[in-house]
Every structure is written in structure tokens, then in C-alpha cells.
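Below you'll find the structure, written out as C-alpha cells, and then a few comments.
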Amino acid sequence: MEILKPTDENISRAAEAIKAGRLVAMPTETVYGLGANAYDPIALARIFEAKRRPHFDPLIVHIADMATVSLLAQPPGSTARLLMAAFWPGPLTLVMPKKAIVPDIATSGLPTVAIRFPSHPVARALIERSTGAVAAPSANPFGYLSPTRAEHVAEQLGDRVDFILDGGRCEVGVESTVVDVSSGNPVILRTGGLTLERLREVVGDIELRDWSAGAPTSPGQLPHHYAPRSTLHLVPLGGLARAKPASGAAAIFFSNATRRNSGAAAGLFAVTRCLSPSGDTVEAAAALFDLLHEMDAFAYTEIWAERVPDEGIGRAVNDRLYKASMK
Ligand code: AMP
Ligand code: MG
């Protein structure tokens, strides 16, 4: 494994590696992705092996221009076209009926393919210079915290990845929003970097299929995911005031205000941190995985976290915290 600065020359080197069927971790605006040539089933098999990812969990194919959609998927309907025009490039993944060129291993045998056009310049350059379609799940072992820095990838995957392009810290910090536009009305399969509110501005009402109410509706929407090694106890916003932590536990507050309001309870923790001192959900999303990685390195006996406000990108933060808390 080699960590590369994202110079022109290094991006080209990494692109050659993709073409040769190797794995390259790339920075995106959401989290780091573990990329491979989306047209090469053997390269895709390496992703599953490197991540120890179950084969029923399909990959997102990353593209770098709108025209590639027609190579991978059936012609998009009007809703899909609206969403593409409004939010691509950006943290939105669209699930569409696939074409035969997309290997079954990329879609776990489903008749649909998940496609995203990232905005990160390094990801875009890597995709453009390699094969134009790079499948990339988050660059972490299956079930574990998503990486928001190159070091997280290096620590977690080591020599299971050939190159890591170091683009610094990811700006959004949580994964893309996944919207199924493969039939009839659009359905949100996973909350993420693009908010429900912004989606509604463009397509009106949109169903949020909350898998936690029942069985997962999409492969990979497993209840246990994004988890640190320490047990994570999740409580409602403001609920840390009633926490009963073990000694040596860490607390994650939403903001300075909620920490202050928790009164004496904050003193029961070995360490307390705030996702966003000023109480901003966007800042909280960007800080989430970074902070969890940091806390995991210290191996606190437990991590206690409170939910953040359930609005905007706060929904995606709560989804990740909830899944991290499931055993
Ligand atoms: P990630 O692990 O961040 O790469 O996210 C991939 C997720 O996108 C999967 O776990 C699924 O939840 C979703 N996904 C990918 N492809 C499809 C598909 N064809 N149909 C439904 N959901 C999909
Ligand atoms: Mg993932």
C-alpha cells in the first residue's frame, strides 16, 4: 500500500492501477471510497474480499460525466433527470434499471444499479482517467466506521488496498443519500449527505423508507453498521443528563449547549466532546466519523452519544449513530 498526494502524476498512476484491476482508495466529498474498475468483475471481487463485505451488499458505481449514465442504465425517467440536473455532481446516489454491461457482482444480482457522480475533484479526475466508471463502497472493513481521512483507510485496510489518494478530510463526512428511481415514485433508501428537505424542493413529496420500522428494503441496509469497537449507547437529544456510564466512558454531545444542560452528568465521563460546539448539524456530520475514530483509538469502556436534531443532514447523523449502537 502506498499513500499518494493527489498530484496530477499520482492521479494518473492511480488511474493506471484501476485499469489494471487494482484497488485505489479515493477521497470523495462524502467519505473515502475503495475504488475498482466497475466493468471488471475480478477487480470488483477484490473489493468484497478487501472489505470482507458480504456479496449481497451491492456497490455504488461512481461516474464523472452525465453521458456515462446511458452506458450503465436504461434511459432515466423524468424524476431521475430532474434529480441528476439538480444534484449531480454531489452526495446523491440514484438506483436505476441496469444494462447488461454492469457485472452482476456490482449489483449483487439485482436488476438495478446504484450510480453516483461525486463532486470531489480528485475522485472525478481518477474516474475520468481510468475507465469512466469506478465502483466504490466506503473504504473500511464491513460494518466498521467509515473513513473520513486517508489515515483511517491506511489503518483499517493496510495492504488490502494498492494506493490511497490523500485528499485530506472529507467535507460532508457521511455517505451519499440513496434514492431509488427505478420504478414509479422515488424512494429514499438511505439518508445521507443530501437532505430530505432539498430533495423535496425538487421532486415534491418523496417517500423515506425507514428500514428500522421493519425489514431492510435494500440489500446492505443492515441494522448493525458504522460501528466503533466500544459499545455505543444512544440516547435522545438531551438524554445524557440521565446517563449512567461505566467508569472510563466517553460522551458525545451534540453541542456545547446540550453539554451545559446535562449538568452534573457530564462529570461522570472520562471525556466529553461535542459534534458541533455551536449546534450546527452540517458541522456535526463532518465531525461524526472523525470523532468516533479518535475515540476508538483510545478504547474507552463505552461511548455514550445523544441524537442530534432530526432535520436536514441531522437525519443521516442519527441513522449512523443508531446503526453504530446496534449489536
Ligand atoms: P456503500 O456501502 O456506502 O457503498 O453503500 C452502498 C449501499 O447502496 C448499499 O448498501 C445499498 O443499501 C445501496 N444500494 C446499492 N446498490 C443498490 C441497488 N441496486 N438497489 C438498492 N440499493 C442499492
Ligand atoms: Mg459503507
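Observations on the structure shown:
- Annotation note: Cβ proximity below 9 Å between a residue of segment 76-94 that is free of Cβ contacts under 8 Å to residues at least 12 places away in the same chain and a residue that is surrounded by fewer than 21 Cβ atoms within 10 Å (Cβ to Cβ) and outside any loop (DSSP other than H, G, I, E, B) (sequence gap 6+ or interchain) occurs for A85/M66; A85/V202.
- Exclusive hit being basic (K, R) and either in contact with a helix residue (DSSP H, G or I) (Cβ under 6 Å, 6 or more places away or on another chain) or more than 26 Å from G193 (Cβ to Cβ) (or both), set R260, R315: R260
- Applying the condition of being surrounded by 17 or more Cβ atoms within 10 Å (Cβ to Cβ) and part of a helix (DSSP H, G or I) to segment 49-67 and asking which residue is farthest from ligand 2 (Cβ to nearest atom) yields A50.
- For segment 122-136, the condition holds for at least one residue, the condition being that it is in contact with a strand residue (DSSP E or B) (Cβ under 8 Å, 6 or more places away or on another chain) and within 11 Å of ligand 1 (Cβ to nearest atom).
- Members of segment 176-194 found to be of a type in the set (A, V, I, L, M, F, W, C), buried (at least 22 other Cβ atoms within 10 Å of the Cβ) and out of contact with any helix residue (DSSP H, G or I) (no Cβ under 7 Å at 6 or more places or on another chain), listed by number: V178, L189
- When segment 137-185 is filtered for residues that are among the small types (G, A, S) and within 10 Å of ligand 1 (Cβ to nearest atom), the ones remaining, listed by number, are S138, A139, S146, S176, S182.
- Subset of segment 1-36 (residues that are surrounded by 20 or more Cβ atoms within 10 Å (Cβ to Cβ) and of a type in the set (S, T, Y)): T28, T30, Y32
- Unique match (being at pLDDT 95 or above, surrounded by 19 or more Cβ atoms within 10 Å (Cβ to Cβ) and in a helix (DSSP H, G or I)) among L126, L82: L126
- Residue match in segment 13-36 (condition: of a type in the set (S, T, N, Q), more than 12 Å from ligand 1 (Cβ to nearest atom) and not assigned by TED's automatic domain parsing to the domain that holds L288): no
- Criterion (buried (at least 24 other Cβ atoms within 10 Å of the Cβ) and at pLDDT 95 or above) met by exactly one of I105, I101, I115: I115
- Some residue of segment 37-48 being buried (at least 17 other Cβ atoms within 10 Å of the Cβ) and touching a Lys or Arg at 6+ places or on another chain (Cβ under 6 Å): no
- Test result for V202, crowded, with 24+ Cβ neighbours inside 10 Å and out of contact with any Ser or Thr (no Cβ under 6 Å at 6 or more places or on another chain): no
The values are calculated or read from the model by the stated rules, or taken from the named source; none is laboratory data. This one's a predicted model, so the numbers in the text were calculated from it and none came from an experiment. Here Cβ is always computed from backbone atoms with ideal geometry, including for glycine, and neighbour counts include all displayed protein chains.
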